[in-house]
Structure formats: C-alpha cells, structure tokens
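Written below as structure tokens is the structure these notes are about.
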There are 2 protein chains.
Amino acid sequence: MSRFLSNATNRIDAKGRVSVPSAFRSVLAQRNVQELYCFQDFVFPAISVGGPDLLERFERQIAAEDPFSPDANEMSLLIHGGGIFMRLDAEGRLMVTDFIRGFTGISDEVTFVGRADHFQLWQPQAFMAAQAQARGERKLAGKRS
Amino acid sequence: MSRFLSNATNRIDAKGRVSVPSAFRSVLAQRNVQELYCFQDFVFPAISVGGPDLLERFERQIAAEDPFSPDANEMSLLIHGGGIFMRLDAEGRLMVTDFIRGFTGISDEVTFVGRADHFQLWQPQAFMAAQAQARGERKLAGKRS
DNA sequence: GCGCATCCCATTGACGCCCATATGGTCCCA
DNA sequence: TGGGACCATATGGGCGTCAATGGGATGCGC
C-alpha cells in the first residue's frame, strides 16, 4: 500500500546536501532499502532513485532480449553507464553531486517527485513545466472525447 | 447510495486548517476511507479528493498500457507526482498546504464541492466563475437544440 | 597538508494530538 | 407558540514531537 507519492521541494545546504522527505524515507525503510540506485531518467531531465530491485528489473529486461541487439546495448549504456549507487547519511540526506547537477540543472533546490515504485530528483521549475505540459495534453484529450 | 453532493465554504484558521463539511465526512466514514488521496485536477484549478480506490483506478488505467510508453509516464507524473495522501485530524479538519494553495489560489477560504464519488477543493471565487461559465454554455447549448 | 566527505550535535519551525469555546439549529415542554 | 435545554458542527489555541536545516569536528584520500 505504501508507495512514493506527491512532491516536495527542499533546499541544498552549504555542503551540498539535501534532506530526502520523511515520507519517502519511510517507504525506503519499509522496503529495507539501504543502497539507492540512481540513474538518469530516459525521457525527463531528472534523476530516478529506487532500490537495487529497480536495477535488477532493468537487467532482467535486457536479458530477455538478444544480448547483442542494439537495443540491449543501448539500454545497458544508460542503466549501467548512467547509474550509480548512493547512501543516505544518518539524518536522511544525500549529496547532490555534479552527476546530478549536470543532468538536471539543479543548483540550490531539489524537488522530490514520487513515482510509485521509485522517486525522482528535479530542478523545481523544470518539474512544474513538465507537469503543466502533461496536464495540458490531458485536458485536450479529455475535451476531444 | 450516499455520494458527495452540494457545496460549502469554510474558513481556514490561523494554523492553516479547514473543517471538511460534516456531510462529506459522513460519506467518507460510510465508505471506510481513512486516507484521503488528493491530486491536482486535470481540468480545473482544484484539488480532487477521494479514497485510495481513486488512485488505484488511475493505476489500473496506467497498467493497461505499455508501462514504458510516454503516455503512461506522463500519467504517472500527474497522479503520483501530483498526488498525495492526507489524513483528517480528530475534529475532521485537513491542513491546507502550499501544495494545495499554489495550485488552487486558495488563501483564507475553501469551497468544498461534491462530485459524486469524490469532492473538490476550490478557491471560492474560482468555483463561482467556473459554475457560471458552465451554466452559460449549457444555456447556449439548450437554445441551439 | 589540504580538500572533501562523513559523523555528530544544536536549533527552529512546522505539524499532530489534545482540549476548549462559539454558533446555529432542533427538539421538547410549558 | 415561544422559550429554553440540548446537541452537533465549526473554529480557536496550547503543547509536545519530529523533520528540515545549519554548522562544528573528525577521518580519509589525494
């Protein structure tokens, strides 16, 4: 029943750390997640974060197809080459590294966005823009029907 | 056969709380709803509120299509990233967070609007305007036919 | 030795839990 | 039929707890 839900924006301190929202930490604790698997999202300028199971799911998907196919190769490039493991400190904060900043455009604030089985790190304005666009498309779709 | 019906406007107190109308709380109690799923409406500048079943219905809709499709991704961005679980306090009030204020324009009063299987939070004037417009369109449609 | 990351502790402001009061409506009885 | 007791809802506020944040100190690698 518990999943990553809603969004919240936290500030990055002088040392480059940011608190993961308590609600998200609860979900991580409940799933016994110690190491966080982080990777650059496939479509959005955001970092996706989840447990090791997230990586394993991707790897199974790769394994399901021809290991030498261009598609599998590309996938591995993204999830292995574009992913890292991270840990939270004792207070539940994580370091915002250049790996994260460069890909997302994050500078001094981070928006945490729940995505059910994982969550994402966004540059606040980029998130609002993406959400507004998604809502706009959906509104049009609704009026059509 | 109970559903969310009619509308009522309540004041937000100094701590940012507002009482959910008793009639709505009765419906919630009858349906055994403890946790409220709230999300930013797709069409109106309003927060829609219902039970967890509301979220589950959306998730089934997502699951029905390719989980990696852009459409499913976009939908998740809205219902997971734009949604949140909330609880009422012992007196049947809920906190009006920035999450709600920013999206609706609510500042010191909230209009609760019944929508059968869920209800909505509106900024009072925005609700009256939307209702007036809907009435106008309907009147024109009637004259046409 | 210097820079950077981790560990530890302090502060403060927000939120949850609890109890008190007001206000308006209903019902009963004189 | 009018007054008053009673009740439910809406509202106000105290207080403890916890999360978010800031900053010092320590340890490790370059």
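The values are calculated or read from the model by the stated rules, or taken from the named source; none is laboratory data. Because the structure is a prediction, the values reported are computed rather than measured. Cβ sites come from the backbone with ideal geometry, for glycine too, and all protein chains shown count toward neighbours.
Mind listing whichever residues of the range A:58-89 are charged (D, E, K, R), more than 16 Å from DNA strand C (Cβ to nearest atom) and either exposed (fewer than 13 other Cβ atoms within 10 Å of the Cβ) or within 13 Å of the chain's Cα centre (by Cα) (or both)? Result: A:Arg60, A:Glu65, A:Asp66, A:Asp71, A:Glu74. Just a yes or no: is a residue in the range A:32-49 surrounded by fewer than 14 Cβ atoms within 10 Å (Cβ to Cβ), among the hydrophobic types (A, V, I, L, M, F, W, C), away from every other protein chain (no Cβ under 14 Å) and within 16 Å of DNA strand D (Cβ to nearest atom)? No.
Checking each residue in the range A:78-123 for being assigned to a loop (DSSP other than H, G, I, E, B) and touching a Gly at 6+ places or on another chain (Cβ under 6 Å) picks out A:Val96, A:His118, A:Gln123.
Residues in the range A:50-95 that are without any contact (Cβ under 8 Å) to a residue 24 or more places away in the chain and within 16 Å of DNA strand D (Cβ to nearest atom): A:Ala90 only. Using the structure shown, decide if B:Gly92 is on the phi > 0 side of the Ramachandran plot, within 16 Å of DNA strand C (Cβ to nearest atom) and surrounded by 10 or more Cβ atoms within 10 Å (Cβ to Cβ). Answer is yes for this residue.
Condition test on A:Asp71, is it over 28 Å from B:Asp98 (Cα atoms), of a type outside the set (S, T, N, Q) and within 13 Å of chain B (Cβ to nearest Cβ)? Before you say what the answer is, go through the steps one by one.
Values: over 28 Å from B:Asp98 (Cα atoms): yes; of a type outside the set (S, T, N, Q): yes; within 13 Å of chain B (Cβ to nearest Cβ): yes.
The answer is yes for A:Asp71.
Please go through the range B:95-116 and pick out each residue that is within 14 Å of DNA strand C (Cβ to nearest atom) and aliphatic (A, V, I, L, M). Walk me through it before giving the result.
If we filter the range B:95-116 for residues that are within 14 Å of DNA strand C (Cβ to nearest atom), which is where we start, we get B:95-102.
Correct list: B:Met95, B:Val96, B:Ile100.
Can you tell me which residue within the range A:124-138, out of those that are surrounded by 12 or more Cβ atoms within 10 Å (Cβ to Cβ) and more than 8 Å from chain B (Cβ to nearest Cβ), is farthest from A:Val18 (Cα to Cα)? So the residue we want is A:Gln133. The listed residues are B:Arg115, B:Arg144, B:Arg101, and the only one of them that is at pLDDT below 90 and more than 13 Å from DNA strand D (Cβ to nearest atom) turns out to be B:Arg144. Please enumerate the residues belonging to the range A:5-17 that are within 13 Å of DNA strand D (Cβ to nearest atom) and either assigned to a loop (DSSP other than H, G, I, E, B) or in contact with an Asp or Glu (Cβ under 8 Å, 6 or more places away or on another chain) (or both). Passing the criteria: A:Ser6, A:Thr9, A:Asn10, A:Arg11, A:Ile12, A:Asp13, A:Ala14, A:Lys15, A:Gly16, A:Arg17. Taken as a whole, the range B:42-50 holds no residue that is in a helix (DSSP H, G or I) and away from DNA strand C (no atom under 16 Å from the Cβ).
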